[in-house]
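The values are calculated or read from the model by the stated rules, or taken from the named source; none is laboratory data. What you see is a predicted model; the values in this text were computed from it and never measured. Backbone-built Cβ (ideal geometry, glycine too); neighbour counts: all protein chains shown. Each accessible area value is taken on the protein alone, full model and side chains, heavy atoms only, with ligands, DNA and RNA left out. Shrake-Rupley method; radii C 1.70, N 1.55, O 1.52, S 1.80 Å.
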Amino acid sequence: MMHVLRSLFLTPRCFLVISLLTTAFILAHFYPALLAATRITFFVFVALVALDVWLLYRVRTGISGTRVCPDRLSNGDENPISIELNNHYTFPLTAEVIDELPLQFQARDNAHHRILKAGMREVIAFTLRPTERGLYRFGHVNVLACTPLHLVQRRYQVATAREVPVYPSFLQMRGFELMAASNRLHEVGVKRIRRIGQASAFERIKEYVVGDDPRTVNWRATARRGELMVNQYQDERAQPVYCLLDAGRVMELPFDGMTLLDHSINASLVISNVALKKQDKVGLIAFSSEIHNVLPASAGVRQLGQMMDRLYGLQTNFLATDYERLYSTVRRQARQRSLMLLFTNFASMAALKRQLPYLKALARNHLLVVIFFENTELTALASIPPADTAAVYTRTIAAQFMLQKQQIVKELQKHLIQSVLTRPENLSVDTLNKYLELKARGLF
(Lines give C-alpha, C1' and ligand atoms only; values in the text may rest on other atoms or scores of the structure.)
Protein backbone atom coordinates (compact mmCIF):
# COMPACT_ATOMS: atom_id res chain seq x y z
CA MET A 1 0.00 0.00 0.00
CA MET A 2 2.81 2.41 0.86
CA HIS A 3 4.45 1.62 -2.46
CA VAL A 4 1.25 2.61 -4.26
CA LEU A 5 0.92 5.85 -2.34
CA ARG A 6 4.55 6.82 -3.01
CA SER A 7 4.16 6.35 -6.77
CA LEU A 8 0.61 7.75 -7.17
CA PHE A 9 -0.03 11.36 -8.21
CA LEU A 10 -3.13 13.31 -9.15
CA THR A 11 -3.19 14.99 -12.55
CA PRO A 12 -4.13 18.63 -13.19
CA ARG A 13 -7.41 17.37 -14.68
CA CYS A 14 -8.19 15.57 -11.42
CA PHE A 15 -7.47 18.72 -9.37
CA LEU A 16 -9.73 20.71 -11.70
CA VAL A 17 -12.60 18.27 -11.19
CA ILE A 18 -12.05 18.36 -7.41
CA SER A 19 -12.18 22.15 -7.38
CA LEU A 20 -15.38 22.12 -9.46
CA LEU A 21 -17.00 19.58 -7.16
CA THR A 22 -16.00 21.63 -4.12
CA THR A 23 -17.60 24.69 -5.68
CA ALA A 24 -20.71 22.67 -6.52
CA PHE A 25 -21.07 21.46 -2.90
CA ILE A 26 -20.72 25.04 -1.65
CA LEU A 27 -23.40 26.21 -4.07
CA ALA A 28 -25.63 23.26 -3.06
CA HIS A 29 -25.61 24.63 0.47
CA PHE A 30 -27.44 27.70 -0.85
CA TYR A 31 -29.35 25.92 -3.62
CA PRO A 32 -30.43 22.49 -2.26
CA ALA A 33 -31.73 21.42 -5.68
CA LEU A 34 -28.10 21.01 -6.83
CA LEU A 35 -27.17 18.62 -4.03
CA ALA A 36 -28.47 15.40 -5.62
CA ALA A 37 -26.76 16.00 -8.96
CA THR A 38 -23.55 17.00 -7.18
CA ARG A 39 -23.55 13.81 -5.11
CA ILE A 40 -24.07 11.65 -8.19
CA THR A 41 -21.22 13.44 -9.97
CA PHE A 42 -19.00 12.96 -6.94
CA PHE A 43 -19.63 9.21 -6.77
CA VAL A 44 -19.05 8.85 -10.52
CA PHE A 45 -15.78 10.77 -10.15
CA VAL A 46 -14.63 8.53 -7.27
CA ALA A 47 -15.50 5.45 -9.31
CA LEU A 48 -13.53 6.74 -12.31
CA VAL A 49 -10.51 7.50 -10.10
CA ALA A 50 -10.70 4.00 -8.63
CA LEU A 51 -10.94 2.54 -12.15
CA ASP A 52 -7.96 4.63 -13.26
CA VAL A 53 -5.88 3.44 -10.30
CA TRP A 54 -6.84 -0.17 -10.99
CA LEU A 55 -5.89 0.13 -14.66
CA LEU A 56 -2.47 1.52 -13.76
CA TYR A 57 -1.65 -0.90 -10.96
CA ARG A 58 -3.11 -4.14 -12.23
CA VAL A 59 0.21 -4.71 -14.04
CA ARG A 60 3.24 -5.01 -11.77
CA THR A 61 5.69 -3.53 -14.28
CA GLY A 62 3.75 -1.60 -16.87
CA ILE A 63 6.71 0.38 -18.23
CA SER A 64 10.33 -0.65 -18.53
CA GLY A 65 13.23 1.10 -20.13
CA THR A 66 16.76 2.36 -19.92
CA ARG A 67 18.95 5.37 -20.61
CA VAL A 68 21.50 4.87 -23.38
CA CYS A 69 24.50 7.07 -22.61
CA PRO A 70 28.15 6.87 -23.71
CA ASP A 71 30.69 5.70 -21.14
CA ARG A 72 32.25 9.15 -21.38
CA LEU A 73 31.12 12.49 -22.78
CA SER A 74 33.04 14.87 -25.03
CA ASN A 75 33.52 18.37 -23.64
CA GLY A 76 32.09 21.17 -25.79
CA ASP A 77 30.32 18.79 -28.20
CA GLU A 78 26.76 17.62 -28.66
CA ASN A 79 26.73 14.12 -27.17
CA PRO A 80 23.85 11.80 -28.19
CA ILE A 81 21.66 10.49 -25.35
CA SER A 82 18.52 8.40 -25.69
CA ILE A 83 15.84 6.97 -23.43
CA GLU A 84 14.21 3.70 -24.50
CA LEU A 85 10.75 2.95 -23.10
CA ASN A 86 8.57 -0.17 -23.46
CA ASN A 87 4.81 -0.05 -22.78
CA HIS A 88 3.60 -3.40 -21.40
CA TYR A 89 -0.02 -2.25 -20.99
CA THR A 90 -2.74 -3.29 -23.38
CA PHE A 91 -3.81 0.32 -23.97
CA PRO A 92 -1.94 3.51 -24.95
CA LEU A 93 -0.46 5.74 -22.27
CA THR A 94 0.33 9.41 -22.05
CA ALA A 95 3.75 9.71 -20.45
CA GLU A 96 5.76 12.60 -19.07
CA VAL A 97 9.42 11.56 -19.04
CA ILE A 98 11.72 13.49 -16.70
CA ASP A 99 15.43 12.70 -16.82
CA GLU A 100 17.39 13.72 -13.72
CA LEU A 101 20.32 15.35 -15.53
CA PRO A 102 23.59 16.29 -13.80
CA LEU A 103 23.66 19.55 -11.88
CA GLN A 104 26.30 20.97 -14.23
CA PHE A 105 23.70 21.34 -16.99
CA GLN A 106 21.28 23.35 -14.83
CA ALA A 107 18.48 21.97 -16.99
CA ARG A 108 14.96 23.17 -16.26
CA ASP A 109 13.21 21.97 -19.43
CA ASN A 110 14.19 18.33 -19.54
CA ALA A 111 10.64 16.91 -19.55
CA HIS A 112 9.53 14.96 -22.63
CA HIS A 113 5.87 14.26 -23.38
CA ARG A 114 5.10 11.14 -25.38
CA ILE A 115 2.18 8.87 -26.24
CA LEU A 116 3.24 5.27 -25.72
CA LYS A 117 1.29 2.88 -27.90
CA ALA A 118 0.13 -0.41 -26.42
CA GLY A 119 2.88 -3.01 -26.38
CA MET A 120 5.23 -0.77 -28.37
CA ARG A 121 8.74 0.63 -27.86
CA GLU A 122 9.46 4.37 -27.90
CA VAL A 123 12.88 6.03 -28.18
CA ILE A 124 13.45 9.58 -26.99
CA ALA A 125 16.66 10.98 -28.46
CA PHE A 126 18.36 14.25 -27.51
CA THR A 127 21.84 15.69 -27.09
CA LEU A 128 23.78 17.16 -24.19
CA ARG A 129 26.64 19.65 -24.46
CA PRO A 130 28.87 19.73 -21.36
CA THR A 131 31.07 22.80 -21.00
CA GLU A 132 33.43 21.67 -18.26
CA ARG A 133 35.46 18.54 -17.64
CA GLY A 134 34.89 16.29 -14.65
CA LEU A 135 32.51 13.71 -13.25
CA TYR A 136 28.80 14.13 -14.05
CA ARG A 137 26.14 12.27 -12.04
CA PHE A 138 22.94 11.24 -13.82
CA GLY A 139 19.95 10.44 -11.62
CA HIS A 140 16.88 8.35 -12.39
CA VAL A 141 14.60 8.56 -15.39
CA ASN A 142 11.11 9.19 -14.03
CA VAL A 143 8.09 8.30 -16.15
CA LEU A 144 4.69 9.64 -15.07
CA ALA A 145 2.16 7.45 -16.88
CA CYS A 146 -1.53 8.25 -17.44
CA THR A 147 -4.36 6.19 -18.87
CA PRO A 148 -6.77 7.79 -21.36
CA LEU A 149 -8.85 8.94 -18.34
CA HIS A 150 -6.03 11.31 -17.25
CA LEU A 151 -7.09 11.39 -13.61
CA VAL A 152 -4.09 9.85 -11.84
CA GLN A 153 -0.45 9.22 -12.69
CA ARG A 154 1.79 6.33 -11.80
CA ARG A 155 5.49 7.03 -11.46
CA TYR A 156 8.06 4.59 -12.79
CA GLN A 157 11.82 4.89 -12.40
CA VAL A 158 13.31 3.08 -15.38
CA ALA A 159 17.02 3.96 -15.17
CA THR A 160 19.36 3.87 -12.22
CA ALA A 161 21.75 6.64 -11.24
CA ARG A 162 25.23 6.55 -12.77
CA GLU A 163 28.34 8.70 -13.04
CA VAL A 164 29.83 9.60 -16.42
CA PRO A 165 33.18 11.38 -16.88
CA VAL A 166 33.47 14.30 -19.30
CA TYR A 167 36.78 14.20 -21.18
CA PRO A 168 38.37 16.74 -23.52
CA SER A 169 36.74 16.83 -26.92
CA PHE A 170 37.49 13.44 -28.46
CA LEU A 171 34.55 13.89 -30.87
CA GLN A 172 36.18 16.96 -32.41
CA MET A 173 39.45 15.06 -32.61
CA ARG A 174 37.80 12.13 -34.38
CA GLY A 175 35.95 14.50 -36.71
CA PHE A 176 39.22 16.02 -37.94
CA GLU A 177 40.74 12.54 -38.24
CA LEU A 178 37.88 11.30 -40.43
CA MET A 179 38.03 14.41 -42.62
CA ALA A 180 41.78 13.97 -43.03
CA ALA A 181 41.29 10.32 -44.02
CA SER A 182 38.71 11.29 -46.64
CA ASN A 183 40.70 14.34 -47.83
CA ARG A 184 37.92 16.75 -46.79
CA LEU A 185 39.76 18.98 -44.30
CA HIS A 186 39.26 21.95 -46.61
CA GLU A 187 35.55 21.85 -45.71
CA VAL A 188 36.35 23.11 -42.19
CA GLY A 189 38.88 25.70 -43.33
CA VAL A 190 42.14 23.73 -43.34
CA LYS A 191 44.22 25.02 -46.26
CA ARG A 192 45.92 22.89 -48.84
CA ILE A 193 49.51 24.02 -48.58
CA ARG A 194 52.05 23.27 -51.30
CA ARG A 195 55.37 21.98 -50.03
CA ILE A 196 58.12 24.56 -50.25
CA GLY A 197 61.61 23.11 -50.79
CA GLN A 198 62.59 19.52 -50.08
CA ALA A 199 62.64 19.10 -46.30
CA SER A 200 61.79 15.46 -46.83
CA ALA A 201 63.38 12.07 -47.33
CA PHE A 202 63.46 10.02 -50.54
CA GLU A 203 60.88 7.23 -50.50
CA ARG A 204 60.64 5.58 -53.94
CA ILE A 205 60.52 6.05 -57.73
CA LYS A 206 57.08 5.89 -59.28
CA GLU A 207 55.27 6.54 -62.56
CA TYR A 208 54.39 10.15 -63.29
CA VAL A 209 50.76 11.18 -62.80
CA VAL A 210 49.13 14.49 -63.50
CA GLY A 211 49.88 16.89 -60.66
CA ASP A 212 53.36 15.59 -59.81
CA ASP A 213 56.09 18.22 -59.56
CA PRO A 214 58.05 18.20 -62.88
CA ARG A 215 61.20 19.04 -60.91
CA THR A 216 61.12 15.54 -59.38
CA VAL A 217 61.45 13.74 -62.73
CA ASN A 218 64.10 11.01 -62.58
CA TRP A 219 65.61 11.11 -66.07
CA ARG A 220 67.74 7.99 -65.66
CA ALA A 221 64.77 5.88 -64.59
CA THR A 222 62.72 7.44 -67.39
CA ALA A 223 65.34 6.41 -69.97
CA ARG A 224 65.48 2.84 -68.63
CA ARG A 225 61.69 2.34 -68.44
CA GLY A 226 60.75 4.27 -71.54
CA GLU A 227 58.08 6.19 -69.61
CA LEU A 228 58.14 9.24 -67.39
CA MET A 229 59.24 8.40 -63.82
CA VAL A 230 59.45 10.70 -60.80
CA ASN A 231 61.02 10.58 -57.36
CA GLN A 232 58.57 10.47 -54.50
CA TYR A 233 59.49 11.97 -51.15
CA GLN A 234 57.94 11.56 -47.72
CA ASP A 235 57.82 13.98 -44.83
CA GLU A 236 60.58 13.79 -42.28
CA ARG A 237 59.21 11.76 -39.41
CA ALA A 238 59.60 11.50 -35.65
CA GLN A 239 59.87 15.27 -35.21
CA PRO A 240 58.84 16.35 -31.67
CA VAL A 241 55.75 18.53 -31.27
CA TYR A 242 54.96 19.85 -27.79
CA CYS A 243 51.73 21.48 -26.66
CA LEU A 244 52.49 24.00 -23.92
CA LEU A 245 49.23 24.73 -22.09
CA ASP A 246 49.03 27.83 -19.92
CA ALA A 247 46.72 27.03 -16.99
CA GLY A 248 47.09 30.42 -15.34
CA ARG A 249 44.35 32.91 -14.57
CA VAL A 250 44.40 34.45 -18.08
CA MET A 251 42.96 31.19 -19.43
CA GLU A 252 39.88 31.28 -17.21
CA LEU A 253 38.11 33.76 -19.50
CA PRO A 254 34.86 32.26 -20.86
CA PHE A 255 33.74 31.89 -24.44
CA ASP A 256 30.63 29.99 -25.57
CA GLY A 257 30.24 28.53 -22.07
CA MET A 258 33.79 27.13 -21.97
CA THR A 259 37.04 28.61 -20.70
CA LEU A 260 39.94 29.44 -22.99
CA LEU A 261 41.80 26.59 -21.30
CA ASP A 262 39.12 24.11 -22.40
CA HIS A 263 39.26 25.41 -25.97
CA SER A 264 43.06 25.06 -25.88
CA ILE A 265 42.88 21.51 -24.52
CA ASN A 266 40.50 20.48 -27.30
CA ALA A 267 42.74 22.06 -29.96
CA SER A 268 45.85 20.42 -28.52
CA LEU A 269 44.25 16.99 -28.89
CA VAL A 270 43.32 17.71 -32.51
CA ILE A 271 46.82 18.85 -33.45
CA SER A 272 48.44 15.98 -31.52
CA ASN A 273 46.30 13.42 -33.32
CA VAL A 274 47.18 14.88 -36.73
CA ALA A 275 50.88 15.02 -35.81
CA LEU A 276 50.82 11.36 -34.77
CA LYS A 277 49.18 10.44 -38.09
CA LYS A 278 52.10 12.19 -39.80
CA GLN A 279 54.50 10.01 -37.79
CA ASP A 280 55.67 12.88 -35.58
CA LYS A 281 56.14 12.60 -31.83
CA VAL A 282 53.85 14.58 -29.52
CA GLY A 283 54.30 15.72 -25.95
CA LEU A 284 52.62 17.90 -23.35
CA ILE A 285 53.61 20.44 -20.71
CA ALA A 286 50.83 22.03 -18.64
CA PHE A 287 51.95 24.89 -16.42
CA SER A 288 50.88 27.94 -14.44
CA SER A 289 52.61 29.08 -11.26
CA GLU A 290 53.88 25.48 -11.15
CA ILE A 291 54.31 22.61 -13.57
CA HIS A 292 51.14 20.49 -13.56
CA ASN A 293 51.87 17.81 -16.14
CA VAL A 294 54.84 16.77 -18.24
CA LEU A 295 54.47 14.10 -20.92
CA PRO A 296 57.67 13.54 -22.94
CA ALA A 297 57.26 13.49 -26.71
CA SER A 298 56.57 10.04 -28.11
CA ALA A 299 54.92 8.46 -31.13
CA GLY A 300 53.57 5.44 -29.25
CA VAL A 301 50.05 4.17 -29.82
CA ARG A 302 49.11 5.01 -26.21
CA GLN A 303 50.44 8.57 -26.29
CA LEU A 304 47.12 10.20 -27.18
CA GLY A 305 45.29 8.27 -24.45
CA GLN A 306 47.88 9.31 -21.87
CA MET A 307 47.56 12.92 -22.97
CA MET A 308 43.77 12.81 -22.64
CA ASP A 309 43.99 11.27 -19.17
CA ARG A 310 46.38 13.99 -18.00
CA LEU A 311 44.26 16.78 -19.43
CA TYR A 312 41.04 15.39 -17.92
CA GLY A 313 41.61 17.00 -14.51
CA LEU A 314 43.62 20.07 -15.53
CA GLN A 315 42.17 23.28 -14.09
CA THR A 316 43.33 26.88 -13.79
CA ASN A 317 44.66 27.92 -10.38
CA PHE A 318 43.92 31.66 -10.77
CA LEU A 319 47.60 32.56 -10.24
CA ALA A 320 50.06 34.33 -12.51
CA THR A 321 51.97 32.10 -14.92
CA ASP A 322 55.63 31.36 -14.19
CA TYR A 323 57.39 31.36 -17.58
CA GLU A 324 60.81 30.99 -15.98
CA ARG A 325 59.74 27.62 -14.61
CA LEU A 326 58.36 26.68 -18.02
CA TYR A 327 61.69 27.53 -19.66
CA SER A 328 63.70 25.42 -17.22
CA THR A 329 61.30 22.49 -17.69
CA VAL A 330 61.57 22.67 -21.48
CA ARG A 331 65.37 22.72 -21.25
CA ARG A 332 65.33 19.53 -19.18
CA GLN A 333 62.65 17.66 -21.14
CA ALA A 334 63.20 18.68 -24.78
CA ARG A 335 66.82 18.11 -25.78
CA GLN A 336 66.00 17.89 -29.48
CA ARG A 337 64.83 20.88 -31.50
CA SER A 338 61.02 20.75 -31.35
CA LEU A 339 57.91 22.57 -32.45
CA MET A 340 56.52 24.29 -29.34
CA LEU A 341 52.85 25.27 -29.58
CA LEU A 342 52.24 27.65 -26.68
CA PHE A 343 48.52 28.13 -25.90
CA THR A 344 48.19 31.29 -23.80
CA ASN A 345 46.57 34.72 -23.82
CA PHE A 346 48.24 38.13 -23.75
CA ALA A 347 45.80 40.97 -23.12
CA SER A 348 48.28 43.81 -23.61
CA MET A 349 51.81 44.68 -24.70
CA ALA A 350 52.80 45.07 -21.05
CA ALA A 351 51.80 41.45 -20.38
CA LEU A 352 53.91 40.30 -23.33
CA LYS A 353 56.95 42.37 -22.34
CA ARG A 354 57.06 40.70 -18.92
CA GLN A 355 57.37 37.26 -20.50
CA LEU A 356 59.27 38.15 -23.68
CA PRO A 357 62.77 37.27 -22.34
CA TYR A 358 61.64 33.69 -21.65
CA LEU A 359 59.89 33.41 -25.02
CA LYS A 360 63.06 34.56 -26.78
CA ALA A 361 65.08 32.01 -24.81
CA LEU A 362 62.68 29.25 -25.86
CA ALA A 363 62.81 30.36 -29.50
CA ARG A 364 66.62 30.09 -29.59
CA ASN A 365 66.51 26.30 -29.32
CA HIS A 366 63.05 25.47 -30.63
CA LEU A 367 60.49 26.62 -33.16
CA LEU A 368 58.07 28.51 -30.91
CA VAL A 369 54.50 29.34 -31.97
CA VAL A 370 52.56 31.59 -29.58
CA ILE A 371 48.81 30.97 -29.94
CA PHE A 372 46.58 33.55 -28.28
CA PHE A 373 43.04 34.82 -28.59
CA GLU A 374 41.03 37.70 -29.95
CA ASN A 375 38.59 39.23 -27.50
CA THR A 376 35.34 38.59 -29.36
CA GLU A 377 33.32 40.91 -27.12
CA LEU A 378 35.68 43.81 -27.85
CA THR A 379 35.46 43.04 -31.55
CA ALA A 380 31.66 43.22 -31.33
CA LEU A 381 31.83 46.52 -29.42
CA ALA A 382 34.18 48.04 -31.97
CA SER A 383 31.83 47.18 -34.82
CA ILE A 384 28.70 48.82 -33.31
CA PRO A 385 27.97 52.28 -34.77
CA PRO A 386 28.11 54.79 -31.87
CA ALA A 387 24.78 56.32 -30.86
CA ASP A 388 26.07 58.83 -28.31
CA THR A 389 29.28 60.22 -26.81
CA ALA A 390 29.64 57.36 -24.32
CA ALA A 391 29.40 54.84 -27.14
CA VAL A 392 32.14 56.69 -29.03
CA TYR A 393 34.47 56.37 -26.04
CA THR A 394 33.57 52.70 -25.60
CA ARG A 395 34.23 51.95 -29.26
CA THR A 396 37.55 53.81 -29.17
CA ILE A 397 38.77 51.90 -26.11
CA ALA A 398 37.74 48.59 -27.68
CA ALA A 399 39.64 49.49 -30.85
CA GLN A 400 42.74 50.32 -28.80
CA PHE A 401 42.70 46.92 -27.12
CA MET A 402 42.26 45.22 -30.51
CA LEU A 403 45.21 47.23 -31.86
CA GLN A 404 47.38 45.98 -29.01
CA LYS A 405 46.72 42.40 -30.12
CA GLN A 406 48.08 43.25 -33.57
CA GLN A 407 51.07 44.97 -31.97
CA ILE A 408 51.79 41.78 -30.01
CA VAL A 409 51.89 39.84 -33.29
CA LYS A 410 54.37 42.31 -34.78
CA GLU A 411 56.51 42.28 -31.63
CA LEU A 412 56.74 38.51 -31.76
CA GLN A 413 57.62 38.60 -35.47
CA LYS A 414 60.39 41.07 -34.71
CA HIS A 415 62.01 38.45 -32.48
CA LEU A 416 61.45 35.64 -35.05
CA ILE A 417 58.68 34.03 -33.01
CA GLN A 418 55.74 32.57 -34.91
CA SER A 419 52.25 33.51 -33.73
CA VAL A 420 48.59 32.69 -34.28
CA LEU A 421 45.95 35.25 -33.27
CA THR A 422 42.59 33.54 -33.48
CA ARG A 423 39.03 33.45 -32.26
CA PRO A 424 38.26 30.58 -29.84
CA GLU A 425 35.87 28.88 -32.26
CA ASN A 426 38.59 28.83 -34.96
CA LEU A 427 41.39 27.67 -32.68
CA SER A 428 41.69 24.06 -33.89
CA VAL A 429 41.57 24.98 -37.59
CA ASP A 430 44.02 27.88 -37.31
CA THR A 431 46.47 25.85 -35.22
CA LEU A 432 46.29 22.95 -37.66
CA ASN A 433 46.89 25.31 -40.58
CA LYS A 434 49.96 26.69 -38.84
CA TYR A 435 51.33 23.21 -38.16
CA LEU A 436 50.85 22.15 -41.80
CA GLU A 437 52.41 25.40 -43.03
CA LEU A 438 55.52 24.96 -40.88
CA LYS A 439 55.70 21.31 -41.90
CA ALA A 440 55.51 22.24 -45.58
CA ARG A 441 58.20 24.87 -45.22
CA GLY A 442 60.48 22.41 -43.44
CA LEU A 443 61.08 24.73 -40.50
CA PHE A 444 61.25 21.89 -37.97
**Prompt:** Remind me, relative contact order of the chain in percent, using alpha carbon pairs under 8 angstrom and six or more residues apart?
**Reply:** 12 percent
**Asked** Largest first, what is the accessible-area ranking of 74, 383 with a 1.4 Å probe?
**Response** 383, 74
**trypsin sites (Lys or Arg not before Pro) restricted to the range 40-98 and DSSP loop, no more than 16 other C-beta within 10 Å** = 58, 60, 72
**Asked** Once label points are set 7 Å from the Cα along Cα→Cβ at both residue 391 and residue 350, what is their separation, rounded to one decimal in nm?
**Response** 3.0 nm
**Asked** For residue 206 and residue 289 in one chain, what is 0.36 nm times their gap in residues minus the Cα-Cα distance, to one decimal in nm?
**Response** 24.5 nm
**Asked** Within the range 302-333, which trypsin sites (Lys or Arg not before Pro) sit in a loop by DSSP and count at most 10 neighbouring Cβ atoms inside 10 Å?
**Response** 302
**Two-site label geometry, residue 227 and residue 400: point separation in nm, points 7 Å out along Cα→Cβ** = 6.9 nm
**Loop-located GluC sites (Glu not before Pro) in the range 104-175 whose Cβ has at most 16 other Cβ within 10 Å (DSSP)** = 132
**Request:** Could you tell me how many degrees, from 0 to 90 and to the nearest 10, lie between the Cα long axis of helix 427-441 and the main elongation axis, the longest principal axis, of the Cα atoms of the chain?
**Result:** 20 degrees
**Asked** If amide H atoms are built 1.01 Å from N in the plane of the peptide, which residues on other chains or at least 5 residues away come under 5 Å of the amide H of residue 423?
**Response** 374
**Asked** Measuring from label point to label point, each 7 Å out along Cα→Cβ, what is the residue 71 to residue 37 span in nm?
**Response** 6.7 nm
**Message:** For a test of the definition: using alpha carbon positions, the gyration tensor, and the 1.5 limit on a/c, classify the range 301-444 as rounded, prolate or oblate.
**Reply:** prolate
**Asked** Which value, in Å² and to the nearest 10, is the accessible area of residue 109 when all protein chains are kept and the probe is 1.4 Å?
**Response** 130 Å²
**Request:** Could you rank the peptides 358-365, 374-381, 142-149 by their average count of other C-beta atoms within 10 Å per residue, with the highest value first?
**Result:** 142-149, 358-365, 374-381
**Complete:** Between the Cα axis of helix 349-365 and the main Cα principal axis of the chain, the angle (0 to 90°, nearest 10) is 60 degrees
**Message:** Using a Förster radius of 35 Å, what is the FRET efficiency between residue 126 and residue 324 based on their Cβ-Cβ separation? Nearest 0.05, please.
**Reply:** 0.15
**Prompt:** By how many degrees, between 0 and 90 and to the nearest 10, does the Cα long axis of helix 260-277 differ from the longest principal axis of the chain?
**Reply:** 60 degrees
**Options 93, 15, 46, ranked by Cα towards positive dipole end of the range 1-129, top entry (Cβ charges)** = 46
**Item:** Calculated FRET value between residue 299 and residue 57, using beta carbons and R₀ = 56 Å, to 0.05
**Value:** 0.35
**Request:** Roll a 1.4 angstrom probe over the protein heavy atoms and tell me the percent of accessible area of the chain that is carbon or sulfur.
**Result:** 56 percent
**Fill in**
Scoring only Lys, Arg, Asp and Glu (+1, +1, -1, -1) among other residues with Cβ under 15 Å from the Cβ of residue 376 yields -3
**Asked** Rolling a 1.4 angstrom probe over the protein heavy atoms, how many square angstrom per residue are accessible across the range 270-371?
**Response** 43 Å²
**Item:** Rel. contact order, % - alpha carbon contacts under 8 angstrom, at least six apart, the range 295-444
**Value:** 24 percent
**Message:** Between residue 113 and residue 25, how high is the FRET efficiency from 1/(1 + (r/R0)^6) when r is the Cβ-Cβ distance and R₀ = 35 Å? Nearest 0.05.
**Reply:** 0.60
**Message:** How much accessible area per residue does the range 1-68 have, counting only protein heavy atoms and a probe of 1.4 Å, in square angstrom?
**Reply:** 71 Å²
**Message:** Could you identify which residue out of 404, 355, 232 has the top mean-square fluctuation in a GNM of the chain using Cα springs shorter than 10 Å?
**Reply:** 232
